[in-house]
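Worksheet: one structure, shown below.
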Amino acid sequence: MKIVVCLGNVPDTTTKVKFGDGTAFDKTGVQWIINPWDELALTRAMELKEDAGNPVSSVTVVTVGGKDAEPTMRKALAIGADDAIRVDTDARDAYAVAGQLAEAIKDKGFDIILTGIESSDYNGSMVGGMLAEMLDVPSVSAVSGLTISGSDVEITRDIDGGKEQVSVATPLVATVQKGIAKEARIAAMRGIMMARKKPLAVVPAAEVETLTDFVSFELPAPKPPCKMVDADNVAELVDLLQNEAKVL
Amino acid sequence: MSVLVYTENWDGVFKKLSFELVSYAAKVAEMMETSVTAVSIGDVADDELAKLGNYGAAKVVKVDGNTTLDNQVYTGIIAQLAEAEGAKVVVISHNNTGKALAPRLSVKLKAAVGAGLIALPSSTEPFTVSKKVFSGKAFANVVLKTDVKILTLAQNSFEVIEVGGTATVEASTATAGEAKTTVKDVQKQTGKILLNDAEIVVSGGRGLKSGDNWGIIEELAEVLGAATACSRPVSDEGWRPHEEHTGQTGKIIAPNLYFAAGISGAIQHMAGISSSKCIVAINNDADAPVFESSDYGIVGDALKVLPALTEAIKEAKNK
Ligand SMILES: Cc1cc2nc3c(=O)[nH]c(=O)nc-3n(C[C@H](O)[C@H](O)[C@H](O)COP(=O)(O)OP(=O)(O)OC[C@H]3O[C@@H](n4cnc5c(N)ncnc54)[C@H](O)[C@@H]3O)c2cc1C
Ligand SMILES: Nc1ncnc2c1ncn2[C@@H]1O[C@H](COP(=O)(O)O)[C@@H](O)[C@H]1O
């Protein structure tokens with residue numbers, strides 16, 4: 001079986017975001033990381049490959065992005081992915097990204113396609129499902145557990161107020177969230193050395209349109225200062241919550 | 001032309017989430033001078049379906065059967081009904097189900113998605129929505145360029161508006177092929193208030209020192225009719241189940257009231273709860289960042305403040 005992980009390159013989660021003239025995200029000084037859920041997806045893919053009981057032959061990572069995404073992709077190779085594909089164009093909206101991913105991975109015989117549930121920058125939660133529909137394969141979302149059983153995949157997915165066990169034939173798209181792997185792996189020195197020699201293919205962008213335009217950005221209004229209440233006077237807090245905030 | 005809204009049911013019953021969605025769809029329909037058609041898949045009784053009229057649906061189309069969600073089957077059905085109704089806008093929740101259906105539907109209908117919205121579109125010409133980006137650190141104004149649009153609404157972010165209308169119920173036999181996913185087993189929590197549904201949430205962090213101290217969180221939640229939550233390290237340590245972890249990598253919630261006890265207020269934690277209408281922080285460090293993004297704060301030992309608060313609320317309720 002071949003696994004591919006769709007890997008987003010996103011600003012570190014502690015980044016103070018700025019938008020210059022308000023029309024585009026200012027990338028100056030930003031540290032880039034693997035999108036947190038994609039890192040968990042990659043970790044799970046590596047666990048599946050390392051378990052000798054599974055017929056996993058390779059783990060590929062694919063990113064839609066410019067050359068500046070390559071350090072993040074090398075990180076994924078250092079964590080253990082066998083090879084990487086970069087589709088050479090900026091990510092402009094979810095539909096376009098899914099379209100590029102579909103072009104890049106179709107006809108390559110991938111059995112398990114993993115995406116994260118959300119990218120931490122544009123918070124769409126859309127790429128995984130769009131990709132599945134474009135490839136016309138089943139999709140399971142909110143996946144918090146995944147094992148291989150013959151040519152099927154056994155999945156635990158979160159539903160409102162519980163969990164469901166689902167069985168799906170490959171190929172499929174699984175959109176993963178927390179729980180899929182316990183903790184994201186970090187690259188070891190040996191992995192970092194090896195990553196330099198692993199293949200990172202750059203493929204040209206396909207003709208894909210966008211369905212949305214991000215026209216401007218705004219920062220939220222600053223919060224008024226926190227009203228402090230004395231620890232010995234919790235009754236006052238109750239009164240404020242009842243009569244001022246009106247939430248009790 | 002119409003606004004279509006997909007209403008999810010739980011074992012044949014609608015929840016507040018469904019009414020919120022219909023209320024939102026009704027406001028969008030008003031902006032577009034059209035009416036709302038609600039779609040319901042699964043076995044739901046007609047009198048339950050008719051309730052949707054009270055929130056602004058003019059018509060309900062029901063599709064019986066298909067009680068377990070298969071993304072492809074459901075998407076196929078909704079797409080057919082959207083086309084049959086000439087829907088210009090399709091409203092879906094931004095919950096786990098919506099996140100599974102909306103993207104597939106987007107490709108099927110070639111419809112742009114406004115994802116995870118917390119407000120009405122700011123204009124219909126061009127069709128512009130404001131969406132949270134960078135986990136709540138900013139908002140983007142996004143133009144949806146296609147003829148048909150899909151809007152996914154974040155849970156608890158729009159008020160339920162009763163309009164007292166009635167809806168006609170129509171049965172549809174739309175089908176969409178065989179399910180390719182097989183559900184083997186379902187485990188549901190029972191008798192607990194679900195974090196995503198809760199109006200009030202009591203949450204604890206590493207400052208509570210040990211999972212053994214969670215009794216005081218649960219007691220406060222009990223008197224408030226609240227759900228319990230926690231920070232990521234707390235669930236990583238195994239003090240609490242993973243389902244309770246809120247934040248950027250956990251659940252993203254928007255209750256009316258969120259208590260953060262012994263939580264430092266890391267940006268990744270706040271990303272999951274910053275849409276709460278009111279945040280109360282309890283922390284023994286007056287400089288903890290959590291106070292910067294809270295409405296009310298108490299500097300003190302959570303192990304003492306929480307039980308005192310439980311008592312004070314009991315007293316206030318008995319008055
Ligand atoms: C990519 C990424 C994603 C992440 N996602 C999440 C996420 O989704 N959710 C999340 O929560 N975290 C997340 N984190 C972790 C986050 O950065 C913080 O480490 C975490 O939120 C801290 O949890 P905490 O506040 O419980 O613990 P701490 O930071 O240890 O804070 C404990 C607090 O308790 C206070 N305290 C101590 N004793 C007492 C007492 N007796 N009474 C009252 N207060 C007391 C302390 O003053 C302190 O402020 C993420 C991190 C990364 C890098
Ligand atoms: N530029 C990208 N390149 C590769 N995969 C991506 C990209 N953007 C998003 N994804 C994948 O799609 C998932 C969901 O992203 P989104 O729909 O943007 O929230 C992410 O977790 C990634 O797995």
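The values are calculated or read from the model by the stated rules, or taken from the named source; none is laboratory data. Model, not experiment: these values are computed from the prediction. Here the Cβ is made from the backbone with ideal geometry for all residues, glycine too, and neighbour counts use every protein chain on show. Ligands, DNA and RNA are stripped out before the accessible areas are found, and what is left, the full protein with its side chains, is counted by its heavy atoms. Shrake-Rupley method; radii C 1.70, N 1.55, O 1.52, S 1.80 Å.
Quick notes
- The number of residues in region A:213-227 that are under 30 Å from the mean Cα position of the chain (by Cα), surrounded by 13 or more Cβ atoms within 10 Å (Cβ to Cβ) and basic (K, R) comes to 0.
- When the residues of region B:240-249 are filtered to those that are assigned to a loop (DSSP other than H, G, I, E, B) and more than 10 Å from ligand 1 (Cβ to nearest atom), the one that is farthest from A:I159 (Cα to Cα) is B:R240.
- Inside region B:95-106, residues that are surrounded by fewer than 24 Cβ atoms within 10 Å (Cβ to Cβ) and either more than 7 Å from chain A (Cβ to nearest Cβ) or within 13 Å of ligand 2 (Cβ to nearest atom) (or both) make up a count of 1.
- Within region A:228-248, considering residues that are open to solvent by less than 30 Å² (accessible area, probe 1.4 Å), free of Cβ contacts under 8 Å to residues at least 12 places away in the same chain and over 37 Å from the mean Cα position of the chain (by Cα), the one nearest to B:V305 (Cα to Cα): A:V234
- Residue pairs meeting the criteria (Cβ under 7 Å; at least 6 apart or on separate chains; first of a type in the set (S, T, Y), in region A:109-135; second near ligand 2 (Cβ under 6 Å from one of its atoms)): A:T115/A:C6; A:T115/A:V127; A:T115/A:G128; A:S119/A:G8; A:S119/A:N35; A:S120/A:N35; A:S125/A:E118
- Every residue from region B:170-213 that is among the basic types (K, R) and not in a strand (DSSP E or B): B:K180, B:K192, B:R206, B:K209
- Flag if B:L69 is buried (at least 18 other Cβ atoms within 10 Å of the Cβ), at pLDDT below 95 and under 19 Å from B:Q155 (Cβ atoms): yes
- Here B:L120 meets the list (1) more than 19 Å from the chain's Cα centre (by Cα); (2) under 30 Å from B:G53 (Cβ atoms) almost entirely, failing just condition (1).
- Scanning region B:113-128 for residues that are more than 18 Å from B:Q155 (Cβ to Cβ) and either touching a helix residue (DSSP H, G or I) at 6+ places or on another chain (Cβ under 9 Å) or within 9 Å of chain A (Cβ to nearest Cβ) (or both) yields B:P121, B:S123, B:T124, B:P126, B:T128.
- Unmet requirement for A:T156, which otherwise passes all of (1) within 8 Å of chain B (Cβ to nearest Cβ); (2) assigned to a strand (DSSP E or B): (1)
- Number of the exception - A:V202 against (1) over 22 Å from the mean Cα position of the chain (by Cα); (2) assigned to a strand (DSSP E or B): (1)
- Region B:250-277, residues that are part of a loop (DSSP other than H, G, I, E, B), touching a Phe, Trp or Tyr at 6+ places or on another chain (Cβ under 8 Å) and surrounded by 24 or more Cβ atoms within 10 Å (Cβ to Cβ): B:S276
- Options B:A281, B:A266, B:A302: the member that is touching a Leu at 6+ places or on another chain (Cβ under 9 Å) and touching a residue at least 12 places away in the same chain (Cβ under 8 Å): B:A302
- Selection from region B:291-305 of residues that are more than 9 Å from every other protein chain (Cβ to nearest Cβ) and either of a type in the set (D, E) or buried (at least 18 other Cβ atoms within 10 Å of the Cβ) (or both): B:A302
- Which numbered condition A:G162 fails, given (1) small (G, A, S); (2) crowded, with 17+ Cβ neighbours inside 10 Å; (3) in contact with a Lys or Arg (Cβ under 7 Å, 6 or more places away or on another chain): (2)
- Residues in region B:139-170 that are open to solvent by 40 Å² or more (accessible area, probe 1.4 Å) and either free of Cβ contacts under 8 Å to residues at least 40 places away in the same chain or of a type in the set (K, R) (or both): B:F139, B:K145.
Residue-wise test of (1) touching a strand residue (DSSP E or B) at 6+ places or on another chain (Cβ under 6 Å); (2) β-branched (V, I, T); (3) free of Cβ contacts under 8 Å to residues at least 12 places away in the same chain.
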| site | (1), (2), (3) |
| --- | --- |
| B:S172 | yes, no, no |
| B:A176 | no, no, no |
| B:T181 | yes, yes, no |
| B:I193 | yes, yes, no |
| B:W214 | no, no, no |
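- The residues of region B:214-232 that are open to solvent by 40 Å² or more (accessible area, probe 1.4 Å) and in a helix (DSSP H, G or I), listed by number, are B:E218, B:E219, B:E222, B:R232.
- Members of region A:64-75 that are open to solvent by less than 10 Å² (accessible area, probe 1.4 Å) and more than 9 Å from ligand 2 (Cβ to nearest atom): A:T72, A:M73
- Of all residues in region A:76-105, exactly one satisfies the criterion of being within 14 Å of another protein chain (Cβ to nearest Cβ), more than 10 Å from ligand 2 (Cβ to nearest atom) and within 14 Å of A:V61 (Cα to Cα), namely A:A102.
- Sole residue being buried (at least 20 other Cβ atoms within 10 Å of the Cβ), at the interface with chain A (Cβ under 10 Å from one of its Cβ atoms) and either within 16 Å of ligand 2 (Cβ to nearest atom) or farther than 26 Å from A:K16 by Cβ (or both), chosen from B:K131, B:K88, B:K110: B:K131
- Applying the set (1) in contact (Cβ under 8 Å) with a residue 60 or more places away in the chain; (2) open to solvent by less than 30 Å² (accessible area, probe 1.4 Å); (3) of a type in the set (S, T, Y) to A:S58 leaves exactly one unmet item: (1).
- Single residue of B:K149, B:K132 found to be assigned by TED's automatic domain parsing to the domain that holds B:L101 and at pLDDT 95 or above: B:K149
- Filtered by the rule that a residue be among the small types (G, A, S) and within 12 Å of ligand 1 (Cβ to nearest atom), region B:275-286 gives B:A281, B:A286.
- Screening the candidates A:S144, A:S120, A:S167 for the property of being within 16 Å of ligand 1 (Cβ to nearest atom) and surrounded by fewer than 20 Cβ atoms within 10 Å (Cβ to Cβ) yields one hit, A:S144.
- For region A:106-133, the tally of residues that are out of contact with any Phe, Trp or Tyr (no Cβ under 6 Å at 6 or more places or on another chain) and more than 9 Å from chain B (Cβ to nearest Cβ) stands at 11.
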